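Okay, structure first, notes after.
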Amino acid sequence: MASAAPAAKAKPIGPIAGYFTQVYAVADAEVSKLRHDPSELLTRALQPAIWLMLFGQVMAQVRGLGPAKGRYIDFLAPGILAQSVLFVAIFYGIAAIWERDLGVLHRYMVSPAPRTALVLGKALSSGVRGLSQGIVVYLLAIAMGIDLSYSPGNILGVAAMIVLGSALFSTFSLIIACIVKTRERFMGIGQVLTMPIFFASNAIYPIELMPPWFRAISSANPLTYEVDALRAMMLRDSASVYGLAADFAILTAVTAVLTLIAARMYPRLTT
C-alpha cells in the first residue's frame, strides 16, 4: 500500500496580510453585534426620515436658504446622510466603555494585534453601520423624488465616503472615551459635540450664506468636506466646491492622525 502523502504545509501569512486579517477580525466581531440586534437599524432610520420629511419640507419654504439653482430638499439630502453617519459614529466610543466594564477590552489588550489594527477594525465596523444609514437615506430620497445620480461610480464613491466619514468620527469618539472613561460623562460630551459639528458645516446651508468668521470654522470642520463630496456624487449635475480629491485627501489624513492618537490612548481606557 502506498504511504499517505504528507499534509501540505500552510503558507505563512505575510505581515501586511496578517495585519489586515486582524483588522477584519475585530471589525467582524463588531458587526456581528449588529446582526444580533437589527432593531438598532430601524431606530436609527427615524432620524433622517424626520429631518428630510419635516425639517426639509418646512425649510424649503424659506427664501434664500437653499442653493441658487435647484431645490432645497435636493441640497439637504446629502447633508442629512452625513449627519446620520456622524450621529451614529460619534457615540461609538461608548461601546468601548461597555467592553471595558464587561472585560472584553482586556482580552483585546492582551492579544498580539497591534493597537492600530484594533482601532481600524472598530472604525471599519462603524463604516458598516454608516452604510446602513446610507441605504435608508437613499430610499427616502427616491420616495421623495430627489434628483439622485445613479452612476455606479458615484454610488461607489458615496459608499467610500460614508465609510471614511464613519471611521473618522468613530475614531474621534474612541479618543473621547479614552479621556472621560465613564458612560455618563461620555454621553454628555457626545451630545455637546454633535450639534456644533453639524451646524458648523455646510450640511443644511451653503457656504456662501455664512459670515466670514463662521466660514473659517466650517473650513476646519471635517464634516464640511464629507458633505461636499456626498453632495457632488449623490446629486445629478452637482459639483464639489473643494474638489473630490481634496475632500477624500483631507478626511483620509485626519482619520490617519486620529487613528494614531487613538491607538496610543486605547490602553489607558483599561486603567
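Quick check: is even one residue across segment 162-182 within 27 Å of Ala60 (Cα to Cα) and of a type outside the set (A, V, I, L, M)? Within segment 162-182, one or more residues are within 27 Å of Ala60 (Cα to Cα) and of a type outside the set (A, V, I, L, M). The lone criterion from (1) within 26 Å of Arg183 (Cβ to Cβ); (2) at pLDDT below 80; (3) not β-branched (Val, Ile, Thr) left unmet by Leu120 is number (2).
Output yes when any residue across segment 216-235 is outside any loop (DSSP other than H, G, I, E, B), of a type in the set (Val, Ile, Thr) and surrounded by fewer than 18 Cβ atoms within 10 Å (Cβ to Cβ), and no when none is. Working first, answer last.
Filtering segment 216-235 down to residues outside any loop (DSSP other than H, G, I, E, B) leaves 216-219, 222-235.
This time we only want the ones that are of a type in the set (Val, Ile, Thr), so: 217, 224, 227.
Checking which are surrounded by fewer than 18 Cβ atoms within 10 Å (Cβ to Cβ) leaves us with 217.
Yes, the conditions are met somewhere in segment 216-235.
Only residues that are part of a loop (DSSP other than H, G, I, E, B) and either more than 16 Å from Arg231 (Cα to Cα) or over 23 Å from the mean Cα position of the chain (by Cα) (or both) were counted in segment 185-215, giving 3.
Scan segment 224-231 and tell me whether some residue there is among the basic types (Lys, Arg) and under 17 Å from Gly93 (Cα atoms). Within segment 224-231 (the criterion being among the basic types (Lys, Arg) and under 17 Å from Gly93 (Cα atoms)), the answer is no, since none of the residues qualifies.
Enumerate the pairs (first residue in segment 209-225 and over 14 Å from Ile197 (Cβ atoms); second residue anywhere and of a type in the set (Asp, Glu) and modelled with pLDDT under 95) with beta-carbon separation below 9 Å, excluding pairs fewer than 6 apart on the same chain, so at least 6 apart or on different chains. Cβ pairs passing all conditions: Arg215/Glu208. Which of (1) surrounded by fewer than 14 Cβ atoms within 10 Å (Cβ to Cβ); (2) under 22 Å from Asp74 (Cα atoms); (3) of a type in the set (S, T, N, Q) is the odd one out, the single condition Asn202 does not satisfy? Unmet condition: (1). For the structure I just gave you, tell me whether Leu174 is buried (at least 19 other Cβ atoms within 10 Å of the Cβ) and under 20 Å from Thr255 (Cα atoms). Taking the combined requirement at face value, the residue satisfies it.
I want to confirm something. Restricting to segment 149-162 and keeping residues that are surrounded by fewer than 21 Cβ atoms within 10 Å (Cβ to Cβ) and among the aliphatic types (A, V, I, L, M), which single residue is nearest to Ala262 (Cα to Cα)? Going through the qualifying residues, I end up with Ala160.
If I filter segment 166-183 for residues that are outside any helix (DSSP H, G or I), among the basic types (Lys, Arg), out of contact with any helix residue (DSSP H, G or I) (no Cβ under 7 Å at 6 or more places or on another chain) and in contact (Cβ under 8 Å) with a residue 24 or more places away in the chain, do I get at least one hit? No, there is no match, as no residue in segment 166-183 is outside any helix (DSSP H, G or I), among the basic types (Lys, Arg), out of contact with any helix residue (DSSP H, G or I) (no Cβ under 7 Å at 6 or more places or on another chain) and in contact (Cβ under 8 Å) with a residue 24 or more places away in the chain.
The values are calculated or read from the model by the stated rules, or taken from the named source; none is laboratory data. Predicted, not measured: the structure shown is a model, and the values here were computed from it. Positions of Cβ are generated from backbone atoms using ideal geometry, with glycine treated the same way; all protein chains shown enter the neighbour counts.
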